[in-house]
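Visitor: Sharing a structure below in C-alpha cells format, with a few things to ask.
The values are calculated or read from the model by the stated rules, or taken from the named source; none is laboratory data. Fair warning: this is a prediction, and the values are worked out from it, not measured in the lab. Here the Cβ positions follow ideal geometry from the backbone for every residue, glycine too, while neighbour counts run over all protein chains shown.
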Amino acid sequence: MREPRARDPKAGGPAAAGAGRTRGPDDLAGLLRHGEGRRVEFKLHLPKPDRFARLVASMANGGGGTILLGVDDSGRPRGLADPKGTLSIAHAIIHEELEPAPPISHRLVRTEAHDSLLVLFVESAGEPVRLAFADHQDQYVRVNDHNQPVRSLPAHVHEPRARRAGRLDAKTRARFETVASGHSRVTAAAYSRACNISLRAARRDLCALQKAFLVCEVAPGIYEFVGE
C-alpha cells in the first residue's frame, strides 16, 4: 500500500487532533490481516448516520479505535468511489449527531490495486460521548467487535482498566484479574467455577465489576469484560 504524506498537525482542522497516531502501510496491512475487534471496524461504505454515530461514540467511549472504510467484512479492500466526499460526510455526522464530538484524524490510502480507502482514527473525548438524536440520548461503548448501549457512562470509564480495578477490594480484584485474563465473556456460574466461590459471591463480584465499569451485561446473565 502507498500512503500520501501526512497532513501537518499544525494546520488544524478535524484531522489534526490525532495526526500523531497515523499508521504506516505495514500497520494497515496488519489491521486488515488481523480483522475486526474492539478497536478495529471494517465498513464497505459509510454507514447510515445513526449507525455511524453509534460506532464512533462506542469507540470514543472505549478509549479510541480505527474505522477502515472501503473494506469488506473479510478484510479485503474494495475501495471507495469518492473518499474525500465520504470524509466530508463523516465529519458532518460526527459533529451534528454526537455530543461532544470526539477528536477524529484520518488517512487516505491507495492500495497496490489502486483501491482508495479512508482510515478514520477515533480518539477518546475525555468525557462520555452520547448520541444527540431527538428521540433518545443513549450512550454506547465498544464490547469486543460490537457497539453496546448503556444508559449512562461514569466518568472513570475513560481511565485504564487497571486503575478502575484498583477501586475493588483486594480479593475481588484478584478474582477479576484471574477470570479476565482468560475470558472475554462470562456468566455468574462460569465466574463461580473459575474462582471456586459460591454463586452468590460470584453475583456480588459481578455487581461490583459493573459499578466499576469493568463488565457490561450484554444479555440477561451474560457479562463481557470492558476496556483494557
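Visitor: Within the set of pairs 6+ apart or on separate chains, which have a first residue in the range 57-80 that is within 17 Å of residue 97 (Cβ to Cβ), a second that is aromatic (Phe, Trp, Tyr) and surrounded by fewer than 24 Cβ atoms within 10 Å (Cβ to Cβ), and C-beta atoms under 7 Å apart?
Guide: Cβ pairs passing all conditions: none.
Visitor: Is at least one residue of the range 97-114 among the aliphatic types (A, V, I, L, M), within 20 Å of residue 37 (Cα to Cα) and modelled with pLDDT under 90?
Guide: Step one: of the range 97-114, the residues among the aliphatic types (A, V, I, L, M) are 98, 101, 104, 108-109, 113.
Okay, now just the ones that are also within 20 Å of residue 37 (Cα to Cα), so 104.
So of that shortlist, the ones also modelled with pLDDT under 90 come out as none.
So far as the range 97-114 goes, no, none of its residues is among the aliphatic types (A, V, I, L, M), within 20 Å of residue 37 (Cα to Cα) and modelled with pLDDT under 90.
A quick yes/no check of all residues on (1) of a type in the set (Ser, Thr, Tyr); (2) in contact with a Pro (Cβ under 8 Å, 6 or more places away or on another chain); (3) touching a residue at least 40 places away in the same chain (Cβ under 8 Å):
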| position | (1), (2), (3) |
| --- | --- |
| 49 | no, no, yes |
| 82 | no, no, no |
| 97 | no, yes, yes |
| 121 | no, no, yes |
| 125 | no, yes, yes |
| 131 | no, no, yes |
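Visitor: Just checking, how many residues over the range 54-107 are closer than 19 Å to residue 40 by Cβ and either assigned to a helix (DSSP H, G or I) or among the hydroxyl-bearing types (Ser, Thr, Tyr) (or both)?
Guide: In the first step, residues of the range 54-107 are kept if they are closer than 19 Å to residue 40 by Cβ; the result is 54-80, 83, 86-87, 90, 94, 102-107.
If we keep only those that are either assigned to a helix (DSSP H, G or I) or among the hydroxyl-bearing types (Ser, Thr, Tyr) (or both) too, we end up with 54-61, 66, 74, 83, 86-87, 90, 94, 105.
Counting residues in the range 54-107 that are closer than 19 Å to residue 40 by Cβ and either assigned to a helix (DSSP H, G or I) or among the hydroxyl-bearing types (Ser, Thr, Tyr) (or both) gives 16.
Visitor: May I pose another question? Sort out which residues of the range 199-228 are assigned to a helix (DSSP H, G or I), of a type outside the set (Gly, Ala, Ser) and surrounded by fewer than 19 Cβ atoms within 10 Å (Cβ to Cβ), and write them in order of number.
Guide: Our first condition is that a residue be assigned to a helix (DSSP H, G or I); within the range 199-228, this holds for 199-211.
Subset that is of a type outside the set (Gly, Ala, Ser): 199-200, 203-207, 209-211.
Residues satisfying the conditions are 199, 200, 203, 204, 207, 210, 211.
Visitor: Pairs under 6 Å by beta carbon, first residue assigned to a helix (DSSP H, G or I) in the range 182-198, partner among the basic types (Lys, Arg), six or more apart or different chains?
Guide: 188/203; 195/175
Visitor: Could you check residue 176 against (1) modelled with pLDDT of 85 or more; (2) closer than 22 Å to residue 38 by Cα; (3) surrounded by fewer than 19 Cβ atoms within 10 Å (Cβ to Cβ); (4) of a type outside the set (Asp, Glu) and say which number it fails?
Guide: Condition not satisfied by residue 176: (3).
Visitor: Out of all the residues in the range 115-141, which are small (Gly, Ala, Ser) and either modelled with pLDDT of 95 or more or outside any loop (DSSP other than H, G, I, E, B) (or both)?
Guide: Filtering the range 115-141 down to residues small (Gly, Ala, Ser) leaves 116, 124-126, 132, 134.
116 - this is the single residue of the range 115-141 that is small (Gly, Ala, Ser) and either modelled with pLDDT of 95 or more or outside any loop (DSSP other than H, G, I, E, B) (or both).
Visitor: Counting only residues that are of a type in the set (D, E, K, R) and in contact with an Asp or Glu (Cβ under 8 Å, 6 or more places away or on another chain), which one in the range 27-53 is farthest from residue 97 (Cα to Cα)? Let's see the steps before the verdict.
Guide: Kept after step one, since they are of a type in the set (D, E, K, R), are these residues of the range 27-53: 27, 33, 36, 38-39, 41, 43, 48, 50-51.
Now narrow it down to the ones that are in contact with an Asp or Glu (Cβ under 8 Å, 6 or more places away or on another chain): 36, 38, 41, 50.
Working: 36: 24, 38: 22, 41: 19, 50: 8 Å.
Among those residues, the one meeting the criterion is 36.
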